[in-house]
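Worksheet: one structure, shown below.
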Amino acid sequence: MFTILLVLGIFMLLASFGKALTGKGRSLVQKEQAPKAQFAQDPAPVLALPQPPAEPVGR
């Protein structure tokens, strides 16, 4: 039993070194995804703010 676990441990150690050197495999931190193409093609409309009148009203 000890020999089996020792061989398995050595194999897992070598595999983890291989993953660390190549950078492949599942990462613990998720990468940010790029914004979807739908938002890039169809931007939200920009609404203009109401402007005060140029001259005072009532004069």
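Each residue in the stretch 29-47 was checked for being open to solvent by 100 Å² or more (accessible area, probe 1.4 Å) and either modelled with pLDDT of 65 or more or not in a loop (DSSP other than H, G, I, E, B) (or both), and 11 of them qualify. Scanning the stretch 1-16 for residues being of a type in the set (Phe, Trp, Tyr) and exposed (fewer than 10 other Cβ atoms within 10 Å of the Cβ) gives a total of 1.
The values are calculated or read from the model by the stated rules, or taken from the named source; none is laboratory data. Quick caveat: nothing in here was measured; it's all calculated off a predicted structure. No Cβ is skipped: glycine too gets one built from the backbone with ideal geometry, and neighbour counts run over all protein chains shown. Surface areas here come from the heavy atoms of the whole protein model, side chains and all, with no ligands, DNA or RNA. Shrake-Rupley method; radii C 1.70, N 1.55, O 1.52, S 1.80 Å.
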